[in-house]
Amino acid sequence: MKLLDGKKTSDEIKAEIVKEVLKMKNDGKKMPHLAAILVGENPASKIYVDNKLKDCHEVGFDSTIYKYPETISEKELLQSVEFLNKDDEVDGILVQLPLPKNISVDKIINSINPEKDVDGFHPINVGRMVLGIPKFLPATPYGIIKLLEKYKIETSGKNCVVIGRSNIVGTPLSIMLSRNAIFGNCTVTLCHSKTKNIKEICKTADIIVAAIGKPNFVTADMVKDGAVVIDVGTNRIESDETKSGTKLVGDVNFDEVFGKCSFITPVPGGVGPMTRAALLLNTLAASKR
Ligand code: GUN
């Protein structure tokens with residue numbers, strides 16, 4: 001078993017971005033600028049957004065955070081997005097999800113200028129991805145593809161099982177892996193809450209992607225010998241192994257599965273850092289528009 005080291009790979013990508021940023025600086029160009037909108041007090045969302053801004057700082061990008069209370073109206077949030085759409089200083093806009101229930105996620109995402117939609121969530125960018133003419137790929141699937149690329153993992157002709165059909169991870173990744181592309185050409189099965197015989201389906205997989213949000217869901221008996229296992233889960237569970245009384249685990253039971261597979265992503269240190277690196281790549285691309 002070999003670890004797919006997302007931390008090391010994302011550090012390599014960030015080092016390449018720093019080189020480009022320095023070149024842009026030397027050429028007198030403006031720095032890439034990411035604007036992040038955070039609504040409410042969701043602790044996980046706050047950490048995610050803080051980390052995204054920290055990454056920007058680390059590679060020399062400009063960044064701005066717009067924080068709003070849970071009580072912000074949909075109209076006010078739309079106005080905030082519109083303001084950023086018009087601001088030429090801002091290259092990339094992200095609205096951290098989830099949003100409060102009274103706000104339509106679709107309306108907010110549809111209001112982002114597709115040329116600044118560095119999350120790749122706007123229907124135009126989803127359409128571009130489906131047609132194989134991508135502009136911005138959603139960060140987590142993009143990060144996973146970059147990881148497969150860095151470790152030269154063959155995907156062509158492989159059976160890939162994606163567990164979880166979210167708009168952010170499972171659905172776009174299943175499309176990307178099935179496209180006629182270098183890190184594509186898989187035969188993809190997308191499993192979800194209504195799938196029957198999930199264990200048997202997983203056992204046919206050369207590549208398993210677990211993005212279901214259930215701790216330790218994928219067990220050894222679901223994994224074929226030599227499979228590649230990508231764990232997107234970040235679940236905090238109670239633990240007496242740590243001082244805090246909690247620990248982070250993925251959707252894969254790592255201890256059971258790691259002896260069986262050829263490659264596996266750890267949690268933490270696998271897909272998470274790659275997601276963050278992919279957002280930086282999208283912001284850099286947006287700044288070149
Ligand atoms: N919430 C969970 N993942 C994401 C993401 O990739 N982008 C945004 N905007 N919100 C999220």
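Every number in this text was worked out from the coordinates using simple rules, so none of it is lab data. Every value quoted in this text rests on a predicted model; they were computed, and no experiment measured them. Counting neighbours? That spans all protein chains shown, and the Cβs are built from the backbone with ideal geometry, glycine included.
Observations
- Distance between modelled label sites at Glu200 and Asp106, nm, 7 Å Cα→Cβ extension: 3.6 nm
- One decimal place: the segment Ala44-Ala285 gains 84.1 nm when fully extended, by the rule 0.36 nm per residue minus the C-alpha distance.
- Secondary structure note: in the chain, about 10% of the DSSP beta bridges are antiparallel.
- Expected 222 nm ellipticity per residue - DSSP helices of 4 or more, -39500 (n - 2.57), all of the chain, to 500: -12000 deg cm²/dmol
- Residues in segment 17-27 carry Karplus couplings, in order, of 5, 4, 4, 5, 5, 4, 5, 4, 4, 4, 7 Hz; the curve used is 6.51 cos²θ - 1.76 cosθ + 1.60 with θ = phi - 60°, and Gly or Pro positions show x.
- Distance distribution P(r), segment 149-241, all Cα-Cα pairs, bin width 10 angstrom from 0: 17, 49, 27, 6, 1 percent.
- Largest-first principal axis extents, alpha carbons of the chain, Å: 52, 42, 40
- By the rule of a C-alpha distance below 20 Å, with chain neighbours fewer than 8 residues away ignored, the lysines paired with Lys146 are Lys2, Lys7, Lys8, Lys14, Lys19, Lys52, Lys135, Lys158.
- For the pair Ser73 and Leu3, the difference between a 0.36 nm per residue extended length and the Cα-Cα distance amounts to 20.7 nm.
- Relative contact order for segment 15-64: 48 percent, from Cα pairs under 8 Å spaced at least 6 residues apart, divided by residue count.
- Highest average first, the peptides 181-192, 135-146 ordered by how many other beta carbon atoms sit within 10 Å of their residues are 135-146, 181-192.
- Under the criterion of Cα pairs below 8 Å and six or more residues apart, the relative contact order for the chain equals 21 percent.
- Rounded to the nearest 5, the antiparallel percentage of DSSP beta bridges internal to segment 138-289 is 20%.
- Residues in segment 1-36 that a label on Lys152 would reach, taking backbone N under 17 Å of a point 7 Å out along Cα→Cβ: 2-5, 9
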